[in-house]
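The block underneath contains the structure these notes are about, expressed in structure tokens.
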Amino acid sequence: MEATIVTILALLFLSFVALGIYATVKVAKAAKRGVDRTIDQARRTVEDTTLRAKSLGQIGVAAELAKLRLALRGSMRATQDALQAGAVEDASLRESLDLFARLSAHGRELDEDLRRMEREPDKAYVAAQLPALTERTERITGSADALRQAARDRARRFAEDDLETLSAQIDVETGALRHWTTDDRTAGGTGASQAAWYESAPGAAGPDSGQPRTGDGPQAITAPDPRATTYPWEKTARPESAG
């Protein structure tokens, strides 16, 4: 019995130790990823700042190369952020992300070529290669911009469709909440129909006249003589000559 208890306690202790090691490794990996991400962001910020300084403070091929690198990096980064954010809610953008991954390979290759051209001492050679590099940059950034804009147009279209559907549902709900207005219109229509029937039916009594209509012709404008009005429960008056 005591050996069994000791074994169970030992197993629990080993489980807690293993769990602690696993949690420590996960935290360490997460911290490493955070540090690496921070370092990458800092490196990109420094490189972007350096490229902006070169594009503004220098002239000639050095400035042109800096502008090409800035345009390439800005377009690719914006497209990546837009596609990754949209793919969270729209699974159709996964294919766009695959295409962008292939485009990114060309973008990284071009960025390396531009970086090597910055270190090239033969400026005449760099100037000769500049038109081809510019064309490659425009093709890659044009494709990246097209993907990004299409993803944004798709998200905006979905938002507009959802808003239209929501507006229609709200209109139905507000109509249901104001059900008494429909009842009033229905009641008013019924009363108008009854009044129209009383007006059009020959010989029918009006709803407010208190007396039956007689004849098919137009009625007199003056009020009828009350003495000539008879009711079914009254006896017919005798003539004065009858004694």
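The values are calculated or read from the model by the stated rules, or taken from the named source; none is laboratory data. Keep in mind it's a predicted model, so treat the numbers as computed, not measured. Counting neighbours? That spans all protein chains shown, and the Cβs are built from the backbone with ideal geometry, glycine included. SASA here: full protein model, heavy atoms, side chains in, ligands and nucleic acids out. Shrake-Rupley method; radii C 1.70, N 1.55, O 1.52, S 1.80 Å.
Picking from E64, E109, E120, which residue would you name as being out of contact with any Phe, Trp or Tyr (no Cβ under 7 Å at 6 or more places or on another chain), open to solvent by 70 Å² or more (accessible area, probe 1.4 Å) and free of Cβ contacts under 8 Å to residues at least 60 places away in the same chain? Break it down into steps so the answer makes sense when it comes.
Values: E64 fails: free of Cβ contacts under 8 Å to residues at least 60 places away in the same chain; E120 fails: open to solvent by 70 Å² or more (accessible area, probe 1.4 Å).
So the residue among E64, E109, E120 that is out of contact with any Phe, Trp or Tyr (no Cβ under 7 Å at 6 or more places or on another chain), open to solvent by 70 Å² or more (accessible area, probe 1.4 Å) and free of Cβ contacts under 8 Å to residues at least 60 places away in the same chain is E109.
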Among the residues of region 90-100, write down those that are in a helix (DSSP H, G or I) and in contact (Cβ under 8 Å) with a residue 24 or more places away in the chain. L93, S96, L99, F100
Within region 130-157, can you find the residues that are surrounded by 12 or more Cβ atoms within 10 Å (Cβ to Cβ), of a type outside the set (A, V, I, L, M, F, W, C) and within 17 Å of D81 (Cβ to Cβ)? T141, S143, D145, R148, Q149, R152, R154
When I59 is run through (1) open to solvent by less than 100 Å² (accessible area, probe 1.4 Å); (2) at negative phi, the failure sits at (1)
Hits in region 158-167 (condition: open to solvent by 60 Å² or more (accessible area, probe 1.4 Å) and over 24 Å from D81 (Cα atoms)): L163, E164, T165, L166
L99 vs (1) open to solvent by less than 50 Å² (accessible area, probe 1.4 Å); (2) closer than 21 Å to R152 by Cβ; (3) of a type in the set (A, V, I, L, M, F, W, C): all pass except (1)
Within region 168-184, identify whether any single residue is open to solvent by less than 60 Å² (accessible area, probe 1.4 Å) and of a type in the set (S, T, N, Q), and answer yes or no. yes
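Looking at this structure, is A87 in contact with a helix residue (DSSP H, G or I) (Cβ under 9 Å, 6 or more places away or on another chain), open to solvent by less than 50 Å² (accessible area, probe 1.4 Å), without any contact (Cβ under 8 Å) to a residue 40 or more places away in the chain and farther than 27 Å from A155 by Cα?
Values: in contact with a helix residue (DSSP H, G or I) (Cβ under 9 Å, 6 or more places away or on another chain): yes; open to solvent by less than 50 Å² (accessible area, probe 1.4 Å): yes; without any contact (Cβ under 8 Å) to a residue 40 or more places away in the chain: yes; farther than 27 Å from A155 by Cα: no.
No; evaluated as a whole, the condition is false for this residue.
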